[in-house]
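The structure under discussion appears below in the form of structure tokens.
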Amino acid sequence: MSDATGEGDGREGDDGHGGDGEREGDGGHEEDADSLYYVDGDLVPASEATVSVEDRGFAYGDAAFETMRAYGGDLFRWEAHADRLRDTCETLGLDHGIAHADLKRRVDETLAANEFADAYVKLSITRGVQPGTLDPAPEVDPTVVVIAKPLPRGGVGSEPVHDGPAAIQTTKTRKAADRAIPAAAKTHNYLNGILARLELRVTGADEALMLDPDGHVAEGATSNLFFADGNALRTPSLDGPILPGVTRATVIEIAKAEGIPVEEGTYAPDAVRSADEVFLTNSTWEVRPVATVDGIAVDGDGEGVAGPLTTLISRLFDRRIEENHYDGERL
């Protein structure tokens, strides 16, 4: 759920758990009925892309996925996404037998067929068609699906794909304990995040702030969470039920390179409510500032303007994208 989500997806995105997820990064991409999707070796129009009703990804959510973002025709941190996809499949006992290079070729073919240089990409691998019981058969004939949708250019001077600063709301729906549902596994089962998002319908918020079973801050439904209190940049530790977002990891790298103290720990919701700055990350949102937490304006300004640290991290992220994916055209 969390390069937070969304990388919404997003997990939805980011990096869109979500996101981001590095999650199924929800929001920001355009619907395009003329897009071509990759479905088990064929590139087919989005309106005709289907899988069997007996596919375990449909029937049970028995599938792994990654939400990624392509910049200038290149996937952002492909190896990190591929490694996380491998880890999810290992958690599921889903031995699909497809090499990273082969999976990337299928993604590249999908981008090329659509002539997308900048895009949202979702790569899914299910256990395939196995009619009958909950217990999976040991033999796997995987279903592989690649979805791509156009996004605006990223990098320096780019416009964010999210709908502006987020309003986040703590939900009654909590993250499951890691021993119940491993948080690091990005699977097709997003019920936990869906229930959290349903709670938002009466609040006006647009992202959930989910707690772990002990009441500590975990992450968004499709995003990872960061906040600052004047002493350090803080984010919930991966020791809790937190998706290891790809965008999350990138932000931590950027902050440390700038000499910004980064603390990964365990936090009460009040720590986020009283923070000077709060932002979310996932693959499609990249770095999204937060305007309010549980109806309380971040730093009391209420204008939804990103604070100085959030602005710096976002600009450095854009510079990294510009250098690595656009050959520094706008630097």
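The values are calculated or read from the model by the stated rules, or taken from the named source; none is laboratory data. It should be emphasised that the depicted structure is a prediction, and the values quoted were computed from it without experimental measurement. No Cβ is skipped: glycine too gets one built from the backbone with ideal geometry, and neighbour counts run over all protein chains shown. Accessible surface areas use protein heavy atoms only, side chains included; no ligands, DNA or RNA. Shrake-Rupley method; radii C 1.70, N 1.55, O 1.52, S 1.80 Å.
In the range 25-45, the qualifying residues are those that are of a type in the set (A, V, I, L, M, F, W, C) and either farther than 30 Å from Glu159 by Cβ or modelled with pLDDT of 95 or more (or both), and the one that is surrounded by the most Cβ atoms within 10 Å (Cβ to Cβ) is Leu36.
Reported count of residues in the range 121-134, each being part of a loop (DSSP other than H, G, I, E, B), of a type outside the set (A, V, I, L, M) and open to solvent by 30 Å² or more (accessible area, probe 1.4 Å), is 3.
Collect the residues in the range 93-120 that are among the aliphatic types (A, V, I, L, M) and either over 23 Å from Asp141 (Cβ atoms) or surrounded by 19 or more Cβ atoms within 10 Å (Cβ to Cβ) (or both), keeping them in residue-number order. Within the range 93-120, Leu94, Leu103, Val107, Leu111, Ala112, Ala113, Ala117, Ala119 meet the criteria. Counting only residues that are surrounded by fewer than 24 Cβ atoms within 10 Å (Cβ to Cβ), part of a loop (DSSP other than H, G, I, E, B) and in contact with a strand residue (DSSP E or B) (Cβ under 6 Å, 6 or more places away or on another chain), which one in the range 220-239 is modelled with the lowest pLDDT? So the residue we want is Ala232. If the condition is being of a type in the set (D, E, K, R) and not in a strand (DSSP E or B), then the range 135-162 contributes Asp135, Glu139, Asp141, Arg153, Glu159. Residues in the range 255-272: is at least one within 19 Å of the chain's Cα centre (by Cα) and among the aliphatic types (A, V, I, L, M)? Scanning the range 255-272 turns up no residue that is within 19 Å of the chain's Cα centre (by Cα) and among the aliphatic types (A, V, I, L, M). Among the residues of the range 145-203, those that are in contact with a helix residue (DSSP H, G or I) (Cβ under 9 Å, 6 or more places away or on another chain), open to solvent by 50 Å² or more (accessible area, probe 1.4 Å) and of a type in the set (D, E, K, R) comprise Lys172, Arg174.
Residues of the range 219-231 being out of contact with any Gly (no Cβ under 6 Å at 6 or more places or on another chain), over 14 Å from Ser274 (Cα atoms) and among the hydrophobic types (A, V, I, L, M, F, W, C), which ones? Give the steps one after another, and end with the answer.
In the first step, residues of the range 219-231 are kept if they are out of contact with any Gly (no Cβ under 6 Å at 6 or more places or on another chain); the result is 219-220, 225-231.
Okay, now just the ones that are also over 14 Å from Ser274 (Cα atoms), so 219-220, 225.
Scanning the range 219-231 gives a single hit, Leu225.
Residues in the range 99-124 that are under 13 Å from Gly41 (Cα atoms) and of a type in the set (Val, Ile, Thr): Val107, Thr110. Return the pairs, sorted by first residue and then second, in which the second residue is modelled with pLDDT of 95 or more and exposed (fewer than 13 other Cβ atoms within 10 Å of the Cβ), the first residue lies in the range 243-262 and is part of a helix (DSSP H, G or I), the beta carbons are less than 9 Å apart, and the residues are 6+ apart or on different chains. Correct list of pairs: Ala255/Pro261. Listed by first and then second residue, the pairs linking a residue in the range 157-170 that is of a type in the set (A, V, I, L, M, F, W, C) to a residue that is part of a loop (DSSP other than H, G, I, E, B), with Cβ atoms under 6 Å apart and 6 or more places separating them unless they lie on different chains, are Val161/Gly28; Val161/Leu151; Val161/Thr284; Ala166/Asp206; Ala167/Ala205; Ala167/Asp206; Ile168/Ala205.
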